[in-house]
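Accompanying notes for the structure given below.
The values are calculated or read from the model by the stated rules, or taken from the named source; none is laboratory data. Please read all numbers here as calculations on a predicted model, not as lab measurements. Counting neighbours? That spans all protein chains shown, and the Cβs are built from the backbone with ideal geometry, glycine included. Accessible surface is based on the protein model in full, side chains and every heavy atom, while ligands, DNA and RNA are left aside. Shrake-Rupley method; radii C 1.70, N 1.55, O 1.52, S 1.80 Å.
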Amino acid sequence: MEIKEKIEHIKENLKFDPLFEVIQNAKLEDELFQEEFLQEIDIKKHYGTVKIAEWFSMSDSGLRYYIKPFPYYLFDEDAPNTDTAYRLSFISIIKLKMITMLKDEYKIKGLERLIGGAHISYSDTTTLPTKNPFEPQIEKLASIVEQITKTGLFQIEENKEELNISLSDNFLNFIKYTLTPAEIEVNQLKEKENRLLADIKIENLRLDHTNSRIEDISRYIQVMELKDQSEKNKGFLSKLFGSTNNQNDTIAFISKAKEEYEFLKEKLNVVKETIKNQEVELKNTRLEIVQKQKSIDSNNHFLEEGEDKDV
């Protein structure tokens, strides 16, 4: 197979891939496709990490470091993998190449968020809008978090699932001598309230983006089903002498699109449930703040009355 055909094969299979979208937006396709291994590689074979590392000019251990976090993204069902030996298909190797190209900018955590549930390959020539309309808002939120960090008033701990933002130890040591325990508790609750508000905002952005993708896929399915119906309505002679490959391809594309549609619907339900739970927690936190603040105000009023009597 010629390099040009291999490139077309890549584009068809990565049409809905979020990393390929980033590569396209960053105009890095030439770098992705101008690899010597495209001349050598057989798209029907699986290759071990030693050979892939040689193509990528990396060490075998370095390459494995970027494979381990993404097994569901990289490994296909036919790959003859074991716990110690990985073998990747042609498309999986391209996916791994994209990971190594974006690793410095996005890090492992950022790549995990980009990849998300992208695990279905497509090979139709019809394209869907893939630009994330909420990217500016997400970048704005990231900037806000960065500014919060620079104040020195907060400390941020990152684990595999989330970012935990809390008041820094130095700031806590400062305020604990000037605030009562009740006031400190109220401040901690307000901190929790702000964190929940930020989390809910991010989840709502994710909700809007998922809804947008579902609408895109739905329109795509409608177009392909009309195309399928049109092919079914061909005249007798066309059916008798023509090829059925186009119709079979159309049916396959519809099936894959419906898989993506169902996956996104499940994801949508998860996001909605997350937002629902966060809003309940936010409501309870605000009620607790009001109750404790009332108690503080009552105590302060009592102390002020006592001082007035002493005067």
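Largest accessible area first, the listed residues 260, 8, 215, 112 line up as 215, 8, 112, 260 when surface is computed with a 1.4 Å probe on the assembled protein chains. Annotation for residue 286 and residue 265: the two label points, set 7 Å from Cα along the Cα-Cβ direction, are 3.3 nm apart. For residue 155, the residues whose amide H sits under 5 Å from its own are 166, 167, 168, ignoring neighbours fewer than 5 places away on the same chain, with H placed 1.01 Å from N. Tell me, what is the FRET efficiency for residue 155 and residue 208 to the nearest 0.05, using R0 = 30 angstrom and their Cβ-Cβ distance as r? The formula returns an efficiency of 0.45 here.
Just the accessible area per residue of the stretch 1-76, please: how many Å² with a 1.4 Å probe? The partial results should precede the final answer.
Working: 4390 Å² over 76 residues.
Solvent-accessible surface per residue comes out at 58 Å².
Solvent-accessible area assigned to carbon and sulfur over the stretch 245-289 amounts to 47 percent, based on a 1.4 Å probe. Residues in the stretch 5-19 carry Karplus couplings, in order, of 5, 5, 5, 4, 4, 5, 4, 5, 7, 10, 4, 9, 7, x, 6 Hz; the curve used is 6.51 cos²θ - 1.76 cosθ + 1.60 with θ = phi - 60°, and Gly or Pro positions show x. Computed from the Cβ-Cβ distance with R0 of 41 Å, the FRET efficiency linking residue 143 to residue 180 stands at 0.70.
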